[in-house]
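Chemist: To start, I am sharing the structure in question, which I have written as structure tokens.
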Amino acid sequence: MNKVFKTYIIFSLTLLISALVCGVLAAWSFLYPENYKYILPFQQLRPFHVSSAVFWILTGATGSIFCFTAPLLKKKEEIFASIFMIIWMIAIVIVFICYSFGLYGGREYWEYPPAINIILLLGWLFMIRHYWLFWKVNTDRKSVYIWMWLTGIVFFLFTFIEQNLWNIDWFRATFLKEMTIQWKSNGSMVGAWNQMIYGTSVYLMVQISGNKEIATSKWAYGSYFLGLTNLIFNWGHHIYNIPTANWERTIAYSISMTEWIFVIGIIQNFKAKLFGDYKHKHLLPYRFLIAAEVWVSLNLLLALMMSIPAVNRYTHGTHITVAHAMGTTIGINTMLLMASFSFFTKNESYNGLTRFAFRLAQLSLFIFWTGLIVAGILKGYLLVEKQVSFNDSFAATLPWLRVVFYAGIALTISFLFIIRQLFKKVNYQNEDI
Amino acid sequence: MGTNNLPQEKINPIAAKGFRVWQQKNCQSCHQLYGLGGYMGPDLTNIMSDSLKGEPYARVFMTNGSAKMPNLSLSAEQINELTAFLKWVDKSGHSRVDKREVTKWGNYSMDN
């Protein structure tokens, strides 16, 4: 493990800690704004929380890809990935310095001054260069994860540029055009990082089971193409209630109904192939992969419901949207990245406190997720059906949001323990990871 | 009802400045436009045409904050620009989908 990569992995895990801790503080401020609006300002904590989560996913995904692609390259060829990692770490630190001083100017999820995006974009070009070098020396073109990583890396570039088009006046001439492009790019960008992370999960399944067929089966490719179709077309559910053309809703609605079914198929296929010694050899990564499978199923059900416009009319702009976001970023993305990190740092033992922390994480996330759904149903019903005031709907959801808050504390504690174990393992790594 | 065919008003220079103020003060952390944004405060898409609230109500909040909202120390000029921005947003459509716009397939039809 080279020094830059080791630093990058520690940095990535620190972002996860920041996302969790800032999330808890922001939730506290959300519950008691009257007392804490100046001490713990929600409008300042939320960007910290959201950007930490987004950058954790992106650094975790790219770190994993680097780890699994670098062995095919010569040492000196790792320079491009190292430059990418250094640029991104510097840019992300600048982002948080800006937040600390209350300097904003960006958009939802990317709220820092937009000039920083030029640095991030420049860094990403080095990540592309790294993958291109890997692509040239890698002779395996059959494994689907090679294509998933490629798709994720390339489409992140497209969607990141698209997400910044608002800086050009023409793209914000009318509000509907502005909002549509903004949410189209954000929706597709999630699809891009999902390609990187799901690619990594397929790679892990092959490594753990020793069965290459998992990455070359029809199921694997069916899943890949379905994910790609969703990436390109299924952004419409973000903007169902914006009065845009009806065909956008119809396409998004139709495609949503097929979402993620193939992913479950792949993981179930993996479970069936996993047997004997392999299961015990890599237990913690395996547990995380299986946990992600459960969360894929739960979030699939939620996503399917939310993708029906008639249901979305009630759920849009409520905590159900947050439940979906948390369920996917923590339940799916973070579980898969934890599997990846546990695998390549050889933090594989699943016993004692690790087992307790893992179980606590799953249980607290389930309570957290359910609490948000109940709060969302309540808010949607009160605002849409009963047409009560915003303040009354806010007050009605507070008991459930307190449950969410306490579950969030338990979730943070459990992950802190697992992250501590990973930190220890990373520090013991030598050059030959 | 549906606003799909409404002519969309192009942004004017004051509203454009207000859009920048919206971003620089990070209003989206707490408020939504068309249901997109934070949940601390209400959706502001149609706040300017709200018969019970409207511009005077919004201006009070922008000037003083509230029990939940901090005073963001906005200048009179920034408040005017934000007001122009929110009026421009308001004219783009309605953030609530009317029950009559839901089709039998569960989709929305916003043509009429």
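We did not get these values from a lab; they are worked out from the coordinates using the rules stated. No experiment lies behind these values; they were computed from the predicted model shown. Cβ: placed from backbone, ideal geometry, glycine included. Neighbour counts: every protein chain shown.
Chemist: Which is farthest toward the positive dipole end of chain A among A:Met179, A:Ser201, A:Thr412, measuring Cα position about the Cα centre, with Cβ charges +1 (Lys, Arg) and -1 (Asp, Glu)?
Modeler: Checking the options against the dipole of chain A, the answer is A:Ser201.
Chemist: Given the alpha-carbon gyration tensor of segment A:85-205, what are the semi-axes of its equivalent ellipsoid in whole angstrom, ordered largest first, with each equal to the square root of 5 times an eigenvalue?
Modeler: Working: eigenvalues 170, 66, 31 Å².
Over the Cα atoms of segment A:85-205, the semi-axes work out to 29, 18, 12 Å.
Chemist: Relative contact order (percent) for segment B:11-101, with alpha-carbon contacts under 8 angstrom and 6 or more residues of separation?
Modeler: Working: 114 pairs, mean separation 32.2, N = 91.
Value for segment B:11-101: 35 percent.
Chemist: Per the Cauchy relation, a quarter of the hull surface: what is the mean projected area of the convex hull of the alpha carbons in segment B:11-101, in nm²?
Modeler: On the way: hull surface 24.6 nm².
For segment B:11-101, averaging the hull's shadow over all directions gives 6.2 nm².
Chemist: Any chance you could get the radius of gyration and Dmax over the Cα atoms of segment A:1-91, in Å?
Modeler: 16.9, 58
Chemist: Ordered by residue, what ³J(HN,Hα) values in Hz, to whole numbers, does segment A:324-330 give under the Karplus form 6.51 cos²θ - 1.76 cosθ + 1.60, where θ = phi - 60° and Gly and Pro are x?
Modeler: For segment A:324-330, the Karplus curve yields 5, 5, 5, x, 7, 6, 8 Hz.
Chemist: How many partner chain Cβ atoms sit within 10 Å of a residue's Cβ in peptide A:310-318, on average, as a whole number? Numbers along the way, then the final one.
Modeler: Working: counts 10, 2, 4, 8, 1, 1, 8, 12, 2.
That average works out to 5.
Chemist: Then there's this: Could you work out the relative contact order of chain A? I mean the mean sequence separation of Cα pairs under 8 Å and 6+ apart, divided by the number of residues, in percent.
Modeler: Working: 557 pairs, mean separation 68.1, N = 433.
Relative CO of chain A lands at 16 percent.
Chemist: Sort out the exposed loop trypsin sites (Lys or Arg not before Pro) in chain A (DSSP loop, at most 14 other Cβ within 10 Å) and tell me the longest stretch that has none. Don't skip to the end; give the middle numbers.
Modeler: Details: sites that count: A:Lys74, A:Arg141, A:Lys142, A:Lys346, A:Lys386.
Value returned for the longest uninterrupted segment is A:143-345.
Chemist: For B:Tyr108, enumerate residues with amide H under 5 Å from its amide H, sequence gap 5+ or separate chain, H modeled in the peptide plane.
Modeler: Hits under the 5 Å cutoff: B:Thr103.
Chemist: For the cross-link pairs B:Lys17/B:Lys91; A:Lys3/A:Lys136; A:Lys37/B:Lys91; A:Lys184/A:Lys379; A:Lys6/A:Lys136; A:Lys6/A:Lys424, which exceed 21 Å when the distance is taken from alpha carbon to alpha carbon?
Modeler: On the way: B:Lys17/B:Lys91 17 Å; A:Lys3/A:Lys136 25 Å; A:Lys37/B:Lys91 32 Å; A:Lys184/A:Lys379 26 Å; A:Lys6/A:Lys136 25 Å; A:Lys6/A:Lys424 12 Å.
Over 21 Å Cα-Cα: A:Lys3/A:Lys136; A:Lys37/B:Lys91; A:Lys184/A:Lys379; A:Lys6/A:Lys136.
Chemist: Here's something else I'd like to know. What is the angle, in °, between the Cα long axis of helix A:79-100 and the longest principal axis of the Cα atoms in chain A? Nearest 10 is fine, range 0 to 90.
Modeler: 30 degrees
Chemist: So what is Rg over Rh here for the protein assembly as shown, counting just Cα atoms and using Kirkwood for Rh? Walk me through the numbers before you get to the answer.
Modeler: Values: Rg = 23.1 Å, Rh = 24.1 Å.
Radius of gyration over Kirkwood radius for the protein assembly as shown works out to 0.96.
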